[in-house]
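One structure is given here, and the rest of the page talks about it.
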Amino acid sequence: MRAAVFEAKSGAAGRWLTVEDVPRPAVAPGQVLIKVAACGVCRTDLHIAEGDLPPLRPRLIPGHQIVGAVVEGAMDELAIGSRVGVSWIGGVDGDCWFCRHAMENLCDHPVFTGYTVDGGYAEYAAVRADFVYPLPTGLEAEHAAPLLCAGIIGFRSLRVAGVERGERVGLYGFGSSASLAIRVLQAWGCEVYVVTRGEQHRKAAENRGATWVGDEDARPPVELDRAVTFAPSGKVVVSALSHLRKGGVVAINAIHLDQMPAFDYDRLLWGERQLHSVANMTRADARDFLSIAAELGLRQTVTKFPLAEANRALEAVKHETADGSVVIAI
Ligand SMILES: [Zn+2]
Ligand SMILES: [Zn+2]
């Protein structure tokens, strides 16, 4: 099969991946083989390619927002031909303290799709059957793909921030994840304040009906109940913290931050304000979000690249040049 392969040794900017023929993956017990139709490109893929996340294997097929059809290893609930999605969490051990306490997102021995195991920048992917989600019908593969990480983790961020209906919520950064989260917030009757750099992202936020939009140095006109930061920047986190009311929460939706600058505790955190990171996702987050997405008819704007141009797809994420989410169509 054709696949885009990342080699830990290589990785010159812009030439992170090589597209080559590799053996089609064998299906182990408990797995299904998926014929990939589309795979979303996430900032995490870029963090892997650029070495911000340490390499776990010498050769890796990245990609963890996989949409395709089951073609082998079918089970009762997943017949041959079932249209399914796969996300970042590709498995957990099921018996560590966190798994036993309904926090499988924090599992001590997680499997990450497209990081600890091969992912979906390929024609086929073998994945654990119990970490596969049947997809709502009527949603094309390329539109479904960005829902599977950007969408689910954006949704989890709203949960971690403790968003309640009708609240004032800040979104810092307006890429793939935020542009899906805003739809959920609007469905919950929230006012959404978007702080983001880049004219294109501010336009997108306005088009999506944000209550207020400002650039990275702007201050929302009201104190926020909750904020979610999407930019991989600690400065943005501190800025969001400075816009909160007492008792407000900032959820940090970033697997990697450049650094966390020092900040004034008395002014910014005192008053029971809270900072939370958002780590991975649970299967319940995935199922709940996909069902809300189907209800709301979420259709993400996407920019498509063929597998042969996987490096250009990563470039588009790196430089935020794409319209909407970046997807590799296989
Ligand atoms: Zn992701
Ligand atoms: Zn576990």
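Applying the condition of being open to solvent by less than 30 Å² (accessible area, probe 1.4 Å) and either modelled with pLDDT under 95 or of a type in the set (A, V, I, L, M) (or both) to the stretch 155-168 and asking which residue is nearest to VAL326 (Cα to Cα) yields LEU158.
Given the residues VAL111, VAL41, VAL92, VAL71, which is the only one that is away from ligand 2 (no atom under 16 Å from the Cβ) and open to solvent by less than 50 Å² (accessible area, probe 1.4 Å)?
VAL41
With respect to the conditions (1) farther than 30 Å from LYS9 by Cα; (2) among the acidic types (Asp, Glu); (3) without any contact (Cβ under 8 Å) to a residue 24 or more places away in the chain, GLU72 falls short on a single one, namely (3).
Could we say that VAL84 is within 25 Å of MET103 (Cα to Cα) and of a type in the set (A, V, I, L, M) here? Here the answer is yes, as VAL84 does meet what is asked. From the list LEU46, LEU53, the one residue that fits, being assigned to a loop (DSSP other than H, G, I, E, B) and either at pLDDT below 95 or within 16 Å of ligand 2 (Cβ to nearest atom) (or both), is LEU53.
Quickly run through the stretch 130-183 and pick out the residues that are under 20 Å from VAL32 (Cβ atoms), in contact with a Ser or Thr (Cβ under 8 Å, 6 or more places away or on another chain) and within 16 Å of ligand 1 (Cβ to nearest atom). Hits for the stretch 130-183 are PHE131, TYR133, ALA145, LEU148, CYS149, ILE152. Restricting attention to the stretch 114-125, the residues that are surrounded by fewer than 23 Cβ atoms within 10 Å (Cβ to Cβ), touching a residue at least 60 places away in the same chain (Cβ under 8 Å) and within 15 Å of ligand 1 (Cβ to nearest atom) total 1. Scanning the stretch 91-105 turns up no residue that is closer than 30 Å to GLY14 by Cα and in contact (Cβ under 8 Å) with a residue 12 or more places away in the chain.
Contact map, the stretch 300-318: residues that are under 16 Å from ALA49 (Cα atoms) paired with residues that are of a type in the set (D, E, K, R) and crowded, with 20+ Cβ neighbours inside 10 Å, Cβ distance under 8 Å, separation 6+ or inter-chain. Pairs shown: LEU314/ASP45; VAL317/ARG43; VAL317/ASP45. Looking only at the stretch 1-52, residues that are polar (S, T, N, Q) and within 21 Å of VAL302 (Cβ to Cβ) come to 1 in all. I'd like the residue in the stretch 188-201 that is outside any loop (DSSP other than H, G, I, E, B) and at pLDDT below 95 and, out of all such residues, is nearest to PHE174 (Cα to Cα). It comes out as HIS201. Number of residues in the stretch 139-154 that are in contact with a helix residue (DSSP H, G or I) (Cβ under 7 Å, 6 or more places away or on another chain) and either within 14 Å of ILE66 (Cβ to Cβ) or surrounded by fewer than 24 Cβ atoms within 10 Å (Cβ to Cβ) (or both) equals 5. Residues in the stretch 52-82 that are among the basic types (Lys, Arg) and in contact with a strand residue (DSSP E or B) (Cβ under 6 Å, 6 or more places away or on another chain): ARG59 alone.
The values are calculated or read from the model by the stated rules, or taken from the named source; none is laboratory data. On a predicted model such as this, the values are computed, not experimentally measured, just so you know. Counting neighbours? That spans all protein chains shown, and the Cβs are built from the backbone with ideal geometry, glycine included. The protein model used for the area step is the full one, side chains on, heavy atoms only, and it has no ligands, DNA or RNA in it. Shrake-Rupley method; radii C 1.70, N 1.55, O 1.52, S 1.80 Å.
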